[in-house]
1. Assuming a ≥ b ≥ c are the square roots of the Cα gyration tensor eigenvalues, decide whether segment 2-156 counts as rounded (a/c under 1.5), prolate (otherwise, with a/b larger than b/c) or oblate.
2. Could you tell me which of rounded, prolate or oblate describes segment 184-307, using a ≥ b ≥ c as the square roots of the eigenvalues of the alpha-carbon gyration tensor, with rounded for a/c under 1.5 and, failing that, prolate when a/b is larger than b/c and oblate otherwise?
3. Under a 5 Å amide H to amide H cut-off, with H placed in plane at 1.01 Å, what residues pair with Val151 once short-range neighbours are removed?
4. Show the residues, 5+ positions off or on another chain, whose built amide H is closer than 5 Å to the amide H of Arg68.
5. Once phi is turned into θ = phi - 60°, what whole-Hz ³J(HN,Hα) does the Karplus curve with 6.51, -1.76 and 1.60 give for every residue of segment 141-157, x standing for Gly and Pro?
6. Going from the alpha-carbon gyration tensor of the chain, what semi-axes, largest first and in whole Å, does one get by taking the root of 5 times each eigenvalue?
7. Just the projected area, averaged over all directions, of the convex hull on the alpha carbon atoms of segment 54-110: how many nm²?
8. Can you pull the Kirkwood radius for segment 89-160, inverse mean 1/r over Cα pairs, to one decimal in Å?
Amino acid sequence: MRIFHDWRELPADARGATVALGNFDGVHRGHTEVIKAAHAARPKVPLGVLTFEPHPREHFRPDDPPFRLTLSAERAEALAALGVALIYELRFDHEFSLMTAEDFVGEVLHKGLGARHLVCGPDFAFGRRRGGGTDFLAKRAEALGMGLTLVPLLADGAGPISATRIRRVLQDGYPERATADLGRPWTIRGVVAHGDARGRTIGFPTANIALGRHLEPARGVYAVTARLPDGQWYRGVANIGRRPTVNEGPESRLEVNIFDFDGDIYGAELSVALHAYIREERRFPGLDALKSQIAADAGEARRLLERA
């Protein structure tokens, strides 16, 4: 898989693809249907995705709390797993935000990417002030000789599967529902930083990872698995929150106790997958009570992960 950040002067073998369009935050089951439709439309040409970085909402509403389900690297990995060969990850900045819908189709999709076929959901909107929708895209694509497939929203008994819905269930403390909508457990990817080493002193060393631009799910304790740099997945228990018992800080963070592991992973990038919510975050009267509760949480996490 190759990733490009500009639509201009692409190499010849990066043009002429079938291109799926969208933000693809989370790369959930609905997105998977879009990718499948793109491959089915022109199975003999390269499969590409056009997306944006940062997410347009991050550009227009920079003061919003972080909301991303997947950052760039995690999104690219999930798309590659679906067979995507080309990612056009275009920088969404002020200049790009002023591009008209006409120029987006004519200059970016047609002249720049040389797209053979376009695929998107029914709610895809683009161009300055979201001036272009699927009706406009259909007319301009036909005029320029590009095919177009519109993929209906994937829905179940609770309604359409969407990134918004997945964010909501994570914030409500239901990671297993997110797993069902994503088709895989939701993960937070980040670099292990030095903490205050308090966990090690009470027998539960943790890998500390900043949430950064990731959505903050419900605060509390989770049964998790963690992928280390060697590619292996390990079971563990994690806390997401501000640690009110020991040193409440201004920002939440992810602290993972990896079972049956005692290596040095400071500075390493980990992916931590949330499987089940065990309990809410709360303050304990002292370290002994905290230690006892962590032991109970670890036991519960092992039990839940063995059943998974």
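Any read-out appearing in this document is the output of simple, stated calculations on the displayed coordinates, not a laboratory observation. Being a predicted model, the structure only gives us computed values, none of them experimental. Reconstructed Cβ throughout: ideal geometry from the backbone, glycine too, with neighbour counts over all protein chains shown.
1. Details: a/c = 1.30, a/b = 1.11, b/c = 1.17.
Cα axes put segment 2-156 in the rounded bin.
2. It is rounded, given that a/c, with a ≥ b ≥ c, falls under 1.5.
3. Cys120, Gly121
4. Amide H neighbours of Arg68: Leu215.
5. Values, residue by residue: 5, 4, 5, 9, x, 9, x, 8, 10, 9, 9, x, 5, 7, 9, 10, x Hz.
6. Semi-axes from the Cα gyration tensor: 41, 18, 18 Å.
7. One quarter of the hull surface, i.e. the mean projection, equals 4.9 nm².
8. Taking the inverse mean of 1/r over all distinct Cα pairs, segment 89-160 comes out at 13.1 Å.
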